[in-house]
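Undergrad: Just dropping this structure here.
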């Protein structure tokens, strides 16, 4: 091959490589930044915002954090941002960059707010990606003081229907999950009671112990100690089967209220809309892996949680259905946040 031909072919190859490189750069430039980030994510600490100081989401994510950090190879920073009934922390996440470094752990109270708060600074359905339902409560107990004359659910409902009866029930505040489930119970039972809000589940249950209110639909982790000490009495339980903690307490279902079956609240993880599917899929995988560990399940069970950890698709469908369900309860009961 003569030198002229060799030089020509070399120049031609250089041109071809240049064109290919330009095409690759052009294609890569069209990929959203969040998708580009997904390939080397994570490469720095990940923040999980809890829009409250304490409670189920905080407990769960702190139990899971060491396992999640090991799986992802980066530290997990739990950032409590309380205020305005969790709206401040939730809005912070909604407006965070969807780069995979900010997530939110919240309770089912998150899906209640759209039905009771007229103007939220975020759109619950559009601004968040549901990633995983970590766990749920173990069901609720309808509790009364041991001296209450009703010995069972039937007697309680019959008394509640009398015009002269003035029953009341407590909850951890206006517009929370337990408040709306209380209203759902009243609707299905056909009785009326006055709602009395308290600042937290423990104070709400203590109010029944003190005789300040008649009853409460209380999570097992809240009512357990009072029931075992004989300071409260349970009339019915909200899951489909009796709890092994209190096997003598019948379910609402077996007592004839077949539609009143509820876990009493759940706890999920969310990402800001726009976060890459590669990132949300990885986050779901690592969270589920941690939740499936026997020692984690046992620890959470001891704390009063039932591990859920289903698919992203199932949680997404459940999330939107829950928003609709609680909006209907709030509308029917005419509940608006204070």
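Undergrad: Sorting check: for 133-146, 208-221, which peptide has the highest mean count of neighbouring beta carbons within 10 Å, and how do the rest follow? Before the final figure, lay out the partial values.
TA: Numbers: 133-146: 23.9, 208-221: 21.4.
In descending order of packing, they fall as 133-146, 208-221.
Undergrad: Could you please state, rounded to a whole Å, how far the C-alpha centre of segment 245-276 is from the C-alpha centre of segment 126-180?
TA: Rounded to whole Å, the Cα centres lie 12 Å apart.
Undergrad: Here's a follow-up. Does anyone have the angle between helix 177-189 and the longest principal axis of the chain? Alpha-carbon axes, 0 to 90°, nearest 10?
TA: Helix 177-189 sits at roughly 50 degrees to that axis.
Undergrad: Here is a follow-up. Once Rh for segment 180-337 is found with the Kirkwood sum over Cα pairs, what is the Stokes-Einstein diffusion coefficient at 10 °C and 1.306 mPa s, in µm²/s? Don't skip to the end; give the middle numbers.
TA: Numbers: Rh = 18.2 Å.
Translational D for this selection: 87 µm²/s.
Undergrad: Any idea how far apart residue 158 and residue 278 come out in nm if each label point goes 7 Å out from Cα toward Cβ?
TA: Distance between label points: 6.6 nm.
Undergrad: Could you check the spin-label model distance between residue 119 and residue 293? Points 7 Å from the Cα along Cα→Cβ, value in nm.
TA: The answer from the label model is 4.6 nm.
Undergrad: Oh, and also: Can you tell me the orientation of helix 56-72 relative to the chain, as the angle in degrees between its alpha-carbon axis and the longest Cα principal axis, to the nearest 10?
TA: It works out to around 30 degrees.
Undergrad: How much of the DSSP beta bridge set in the chain is antiparallel, as a percent to the nearest 5?
TA: Working: 23 of 38 bridges.
That works out to approximately 60 percent antiparallel.
Undergrad: Can I ask one more? In what sequence, highest mean first, do 170-179, 309-318, 111-120, 50-59 appear when ranked by Cβ atoms within 10 angstrom?
TA: Details: 170-179: 23.2, 309-318: 15.1, 111-120: 18.2, 50-59: 21.0.
Going by the mean number of other Cβ atoms within 10 Å, highest first, we get 170-179, 50-59, 111-120, 309-318.
Undergrad: How high is the relative contact order of the chain, in percent, counting Cα pairs under 8 Å that sit 6 or more residues apart? Don't jump to the answer; show the numbers that get you there.
TA: Details: 590 pairs, mean separation 86.3, N = 338.
Relative contact order, the chain: 26 percent.
Undergrad: Calculate log10 I(q)/I(0) of segment 141-260 for q = 0.18 Å⁻¹, where I(q) comes from the Debye formula with a single equal point scatterer on each Cα and nothing for solvent.
TA: -0.90
Undergrad: If you fit an axis through the alpha-carbon atoms of helix 312-333 and take the longest principal axis of the Cα set of the chain, what angle between them do you get, 0 to 90°, nearest 10?
TA: Taking the Cα atoms of the chain, the angle to 312-333 is about 40 degrees.
Coordinate-derived values only; no laboratory data. As the structure is a computational prediction, the values presented were derived from the model and not from experiment. Reconstructed Cβ throughout: ideal geometry from the backbone, glycine too, with neighbour counts over all protein chains shown.
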